[in-house]
Amino acid sequence: MASGVIGRGTWMDKVAHRVIERDLSLGRDVSLMRVESGLGASGIPHIGSLSDAVRAYGIKLALEDAGHRSELIAFSDDMDGLRKVPAGLPEWLSEHIGKPVSRIPDPFGCHGSYGEHMSSLLMDALDDLGVEYRHMSGAQVYRSGGLVPQARTILSRAEEVGERIREVTGQDKFTERLPFFAVCEKCGRIYTTVATGYDPSTDTVTYECVGAQIGGRWVPGCGHRGEVKLSSGEGKLSWKVELAARWSALDIRFEAYGKDLEDSIRINDRISDEILGFPHPYHTRYELFLDRSGKKISKSTGNVVTPQAWLRYGTRHSLILLMYKRIIGTRYVSLEDVPRYVDEYDELEDFYFGRRSSVDRDEEGAEEEAEGEGEELRGGSPSRDVRLRGLYEYVNFLRPPPSPDIHVPYRLLSELGRAAPEDGVVDFVVERLRRYGILRSAPTPGLVEKIEKARRWALEVEGRAPEYVPSPEEAEAMLELAAAMRSTSDPTAIQNAAFDAARRHGIEPSAFFRALYRSLIGSDRGPRFSSYALDVGVERVASAIEEAAARARARVRDGARGDGGSRGPPAPPS
């Protein structure tokens, strides 16, 4: 290991190091260090929801790698009330606005409740990735009395709690009411109630169902007045204090959070420290995932990329790489990014096993660690090679395979898969790869999986072309080649046309073929060009290289530089 390197040199190692240092400075027992991730249960889980748990698992692994037992608690927030009907779900759910999602029927009819269904989607994705965790349901925790000691302390000191919430957030409503929501025993809603009193001698909260603004509309209360015991499971703490109660009850040492929850984390930290006497967990803050238009990925608006959708087209390693590559900075993500991350994992694997000397793609954010870590985590940065090796090991959950798999550019597989007969996709693609000299052994299960997924992606998703922008000379040669291709189906004539076009425009043939492969499949190398064109379709390939030439002309029109080394107008960083 390189001198001065913390763990394996990744941001996860540095965060784990700070968690351990902090706990030791607090005099805490570090024999078991739990990390937590909240699983939202109010809508279809998306990549952002998954990233919280997968990244927390990375910290768990780093803590264990540093010699400490650790455990990931995946806590389903299924006592939360439904605020909006997510896009694409039945409108009858609007009748249940304000009710705990654990008490709303499952619109898909396969689970005991709406909340159980949504939680299961996220847990299924975690299981598919191989993440190890202990699941806890908020509804079950409240029903079992798991947060009663913390709730008792918070409600007994409600005046102090309300003042701290006001100081941090500017909200004064909890100076007038208790930070607790009872489930109305008459109408079943939770957010329409106001807790009016707490009797510590009986652990009873009195409430009135008065109505509330929920999801942008007023939901009237039923007027019922009642009372609930803390141990009954018929209520929950406000989000402004519930995290603190969970941290204390479960002895949580680390929890990350999205920037949209910053105020909630700040007030929960104070409640944990000052009211419950439990030093709040160490935090890192991450940015939100955005769609390609720059809008926040949202369950309610429906612009989600679900883990299940990504795994339909991409490998599990590509999805984990998306999460682990870095933690800070806004992330733009769409299913069009799948080829990039599948290929990038392959490049990382080739580097790890010495099959290439470097990784060509940008190592985004490699110098940046979790936001707010301070300069002490930025100094002594390990070499890029050490970080890349560590990243590969974490993407494999610190259990890297003994040898690399067979790697073929994803877009080559997608184009061949598109051209393959429906009843023999794998055989068709494998035969072509053998003919090209790319495959010299039996296909591995990993390659077969990628062939099948790449075909699906080509037929169901394909959007943006590879982002390579040819030089002006390459663009003119490409236009000439495309015109020549349309006049022949002879492979020798197509291959010769490529050589002739390169020479006429003063380009080394090897450089021109590299530009063609970058434009077509996002790789520096590929099969014999004429064979590829005939297998995929001459017209399709000709049109694709014309599109690449058009990108170059647009670059020139915009007054930007268009050399052969450019990757073109960058997509939003991901």
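The values are calculated or read from the model by the stated rules, or taken from the named source; none is laboratory data. Keep in mind that this is a model prediction, so the values were computed, not measured. FYI the Cβ positions are ideal-geometry reconstructions off the backbone, even for glycines, and counts take in every protein chain you see.
Residues that are at pLDDT 65 or above and out of contact with any Lys or Arg (no Cβ under 8 Å at 6 or more places or on another chain): does segment 372-383 have at least one? Checked against the condition, which is being at pLDDT 65 or above and out of contact with any Lys or Arg (no Cβ under 8 Å at 6 or more places or on another chain), segment 372-383 yields at least one hit. In segment 42-72, what residues are of a type in the set (A, V, I, L, M) and more than 18 Å from the chain's Cα centre (by Cα)? Hits for segment 42-72 are Ala62, Leu63, Ala66.
Residues in segment 332-371 that are modelled with pLDDT of 50 or more and touching a strand residue (DSSP E or B) at 6+ places or on another chain (Cβ under 8 Å) were compared, and the one that is surrounded by the most Cβ atoms within 10 Å (Cβ to Cβ) is Val333. If you go through segment 111-132 and keep only what is touching an Asp or Glu at 6+ places or on another chain (Cβ under 8 Å), under 29 Å from His317 (Cα atoms) and surrounded by fewer than 22 Cβ atoms within 10 Å (Cβ to Cβ), you end up with Glu116, His117. The residue of segment 415-432 that is surrounded by the fewest Cβ atoms within 10 Å (Cβ to Cβ), among those that are farther than 20 Å from Arg528 by Cβ and touching a residue at least 12 places away in the same chain (Cβ under 8 Å), is Val426. Being touching an Asp or Glu at 6+ places or on another chain (Cβ under 9 Å), under 23 Å from Ser238 (Cβ atoms) and part of a loop (DSSP other than H, G, I, E, B) is a property that Asp78 has. Among the residues of segment 433-446, those that are surrounded by fewer than 21 Cβ atoms within 10 Å (Cβ to Cβ) and either within 25 Å of the chain's Cα centre (by Cα) or in a helix (DSSP H, G or I) (or both) comprise Arg434, Arg435, Tyr436, Pro445, Gly446.
Of all residues in segment 95-110, those that are surrounded by 14 or more Cβ atoms within 10 Å (Cβ to Cβ) and over 22 Å from Gln140 (Cβ atoms) total 1.
Looking only at segment 251-269, residues that are over 25 Å from the mean Cα position of the chain (by Cα) and farther than 11 Å from Pro281 by Cα come to 1 in all.
Checking Ala552, Ala544 one by one, the residue that is closer than 24 Å to Gly417 by Cα, in a helix (DSSP H, G or I) and at pLDDT below 95 is Ala544 and no other. Can we say Ile327 is at pLDDT below 90, crowded, with 22+ Cβ neighbours inside 10 Å, in the same structural domain as Val54 (by TED's automatic domain parsing) and of a type in the set (A, V, I, L, M, F, W, C)? Considered against the rule, which asks whether it is at pLDDT below 90, crowded, with 22+ Cβ neighbours inside 10 Å, in the same structural domain as Val54 (by TED's automatic domain parsing) and of a type in the set (A, V, I, L, M, F, W, C), Ile327 comes out as yes.
Looking across segment 56-101, the residues that are among the basic types (Lys, Arg) and at pLDDT below 95 come down to Arg83, Lys84. For segment 187-210, the count of residues that are surrounded by fewer than 21 Cβ atoms within 10 Å (Cβ to Cβ), in contact with a Cys (Cβ under 7 Å, 6 or more places away or on another chain) and not assigned by TED's automatic domain parsing to the domain that holds Val148 is nonzero.
Here is the figure for segment 65-112: residues that are charged (D, E, K, R) and free of Cβ contacts under 8 Å to residues at least 24 places away in the same chain total 3. The set of residues in segment 244-268 being part of a helix (DSSP H, G or I) and touching a residue at least 40 places away in the same chain (Cβ under 8 Å) consists of Ala244, Ala245, Arg246, Trp247, Ser248, Ala249, Leu250, Asp263, Arg266, Ile267.
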